[in-house]
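Asker: My structure is below; once you've seen it, I'll send some questions.
The values are calculated or read from the model by the stated rules, or taken from the named source; none is laboratory data. Because the structure is a prediction, the values reported are computed rather than measured. Note: ideal-geometry Cβ built from the backbone for every residue, glycine included; neighbour counts use all protein chains shown.
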Amino acid sequence: QMRSEPVHLYLALAVFIYCAGYTLITVRARYLYPVFAIVFAAGAGGVAALMRSRRIKPAFSKMIAALFAVSFLYVPFDNLKDAVYSGRGYYALSKKLFDRYGVSGNIASDGRWMETLYVTYWLNEFHRARMIAAVPVFRPRHDTGYPAADSRPPRYRGQLRPGASEAQNARELSAHRIDYLLIWEKAAHAPAGWAELTGGNAPVPHLRIYCRP
């Protein structure tokens, strides 16, 4: 029978190697979910070994096991609490951009990559709903013919390069056939010749929307 010490050493080594690889990139909580599973397995094994050793009273060992299990419930419930209505703002903003300005086609931004990606997702959903309004609801999503070959649904192509000149931005926007540019930063400058749609009446502070001439 394998001793418990080498097993826990291997588990600790696995956690170290897994986490070491992510120190070179942006770390998000979901990247560490496999580590949580390893830690839970190691902790459960330790609690089980403690209960089999009979070094403590059974009631106290059961209390330790319960506390160990409850400690792993905090993060999921905390994530659920933070996720409630977390995307409502993006939905509302995308609805305004779609209804007021008809934003579609290729989209770029000067920053806020994640926010613009979420906004583009909902813009695409609104565009899809309009395009397939006549399609029966019982047809599967992949059989609706969306997007059509000749249509230009909303697609986020990324953000402008930080520190690039106005001429470089203009070349990038032209090369990627950008139709709409979302400028989030107050001090950012729009490319020459592009028309501003918001006109100082943006749905959120400092957001300006420009359309290709």
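Asker: Go through the stretch 193-209 and count every residue that is touching a Cys at 6+ places or on another chain (Cβ under 8 Å) and surrounded by 17 or more Cβ atoms within 10 Å (Cβ to Cβ).
Answerer: 2
Asker: Let me ask something else. Tell me yes or no: at least one residue of the stretch 179-192 is of a type in the set (Asp, Glu), closer than 19 Å to residue 123 by Cβ and either loosely packed, with under 13 Cβ neighbours inside 10 Å or at pLDDT 85 or above (or both).
Answerer: For the stretch 179-192, residues of a type in the set (Asp, Glu), closer than 19 Å to residue 123 by Cβ and either loosely packed, with under 13 Cβ neighbours inside 10 Å or at pLDDT 85 or above (or both): present.
Asker: How do the helices (runs of 4 or more DSSP H) wholly within the stretch 18-99 filter down when requiring 1 or more residues that are in contact with an Asp or Glu (Cβ under 9 Å, 6 or more places away or on another chain) and under 30 Å from residue 154 (Cβ atoms): which remain? Give the derivation first.
Answerer: Values: elements: 33-53, 58-71, 74-83, 88-96.
Fully inside the stretch 18-99 and qualifying: 88-96.
Asker: Right, another one. So in the stretch 56-86, with the set limited to residues that are surrounded by fewer than 10 Cβ atoms within 10 Å (Cβ to Cβ) and among the basic types (Lys, Arg), which one is farthest from the chain's Cα centre (by Cα)?
Answerer: 57
Asker: How many residues are under 14 Å from residue 156 (Cα atoms) and surrounded by fewer than 20 Cβ atoms within 10 Å (Cβ to Cβ) when one looks only at the stretch 111-131?
Answerer: The number of residues fulfilling the criteria is 10.
Asker: I'm checking my understanding of the structure. Among residues of the stretch 157-175 that are within 23 Å of the chain's Cα centre (by Cα) and part of a loop (DSSP other than H, G, I, E, B), which one is surrounded by the most Cβ atoms within 10 Å (Cβ to Cβ)? It would help to see each step written out before you state the result.
Answerer: Just the residues of the stretch 157-175 that are within 23 Å of the chain's Cα centre (by Cα), to begin with: 157-162.
Filter once more, so that each one left must be part of a loop (DSSP other than H, G, I, E, B): 160-162.
Values: 160: 19, 161: 11, 162: 7.
Filtering first and then ranking leaves 160.
Asker: Then there is this: For the stretch 133-177, enumerate the residues that are basic (Lys, Arg) and modelled with pLDDT of 65 or more.
Answerer: So in the stretch 133-177, the residues basic (Lys, Arg) come out as 139, 141, 152, 155, 157, 161, 171, 177.
Hits for the stretch 133-177 are 152, 155, 157, 161, 171, 177.
Asker: Check 50, 67 and return the single one that is among the aliphatic types (A, V, I, L, M) and either modelled with pLDDT of 80 or more or closer than 28 Å to residue 83 by Cβ (or both). Break it down stepwise before answering.
Answerer: Numbers: 50 fails: either modelled with pLDDT of 80 or more or closer than 28 Å to residue 83 by Cβ (or both).
Only one candidate passes the filter, namely 67.
Asker: Output the number of residues of the stretch 16-30 satisfying the condition of being more than 19 Å from residue 74 (Cβ to Cβ) and either among the hydrophobic types (A, V, I, L, M, F, W, C) or under 17 Å from the mean Cα position of the chain (by Cα) (or both). Before the answer, list the steps.
Answerer: Initial filter on the stretch 16-30 (more than 19 Å from residue 74 (Cβ to Cβ)): 16-27.
The next check asks that each one be either among the hydrophobic types (A, V, I, L, M, F, W, C) or under 17 Å from the mean Cα position of the chain (by Cα) (or both); those that pass are 16-17, 19-20, 24-27.
Total satisfying the criteria: 8.
Asker: Here is a follow-up. So which of 67, 13, 24, 9 ends up being out of contact with any helix residue (DSSP H, G or I) (no Cβ under 7 Å at 6 or more places or on another chain) and closer than 30 Å to residue 114 by Cβ? Full working, then the answer.
Answerer: Details: 67 fails: closer than 30 Å to residue 114 by Cβ; 13 fails: closer than 30 Å to residue 114 by Cβ; 9 fails: closer than 30 Å to residue 114 by Cβ.
On inspection, the qualifying residue turns out to be 24.
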